[in-house]
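Below is one structure, written out as structure tokens; the observations come after it.
The values are calculated or read from the model by the stated rules, or taken from the named source; none is laboratory data. As the structure is a prediction and not an experimental result, all values here were calculated from the model. Don't worry about glycine lacking a Cβ; one is built from the backbone with ideal geometry, like all the others, and counts go over all protein chains shown. These accessible areas exclude ligands, DNA and RNA; they are computed on the full protein's heavy atoms, side chains included. Shrake-Rupley method; radii C 1.70, N 1.55, O 1.52, S 1.80 Å.
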Amino acid sequence: MDAVATPPVAASPAVTRETLMANSRLTFEDKVIEKIAALCAREIDGLLGMDGTIMDNLTETFSSGENITKGISAEVGEKQVAIDMDVFLAFDSDAQAIFKQLCEKISAQITRMTGLQLVELNLHVKDVLTKREWQKKMMLNLHKTKER
């Protein structure tokens, strides 16, 4: 016995792809944009890490892992994004070059992944540390986390 294929149900002529797209929205939580920025920042030499607020540090303390978005805040509009970052730089690094790389990398990834445009990136350098100072700071933070 041959199988009989049923014809596909046609969409209502009133609902076209253009109408669907015009009536639909793709949105992103601020945290998604913050995470993209954080992952990009990890790839930049000379940028040691981010400095979070008290709330960021509390969240990290009571969560199971590192809060990679600490020190990053994003404002997401319908088509544009603005990001603020508080960072620690390695001593003897070129802050201007780091800033330029970060702008290019974050802008490209946000556009590629979300279709949004990065219109503002504010990078606030909180401190400049030697690699040894940074490692000591990380060890102290790790020790504090284990005590809790």
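Observations
- For region 86-148, the solvent-accessible area of protein heavy atoms averages 74 Å² per residue (probe radius 1.4 Å; ligands and nucleic acids excluded).
- Relative packing of peptides 84-90, 72-78 - highest average C-beta neighbours within 10 Å first: 84-90, 72-78
- Distance-filtered residues of region 103-122 - backbone nitrogen under 18 Å, label point 7 angstrom along Val32 Cα→Cβ: 106-119
- Sorting the segments 19-31, 111-123 by their residues' average number of neighbouring beta-carbon atoms within 10 angstrom, most packed first, yields 111-123, 19-31.
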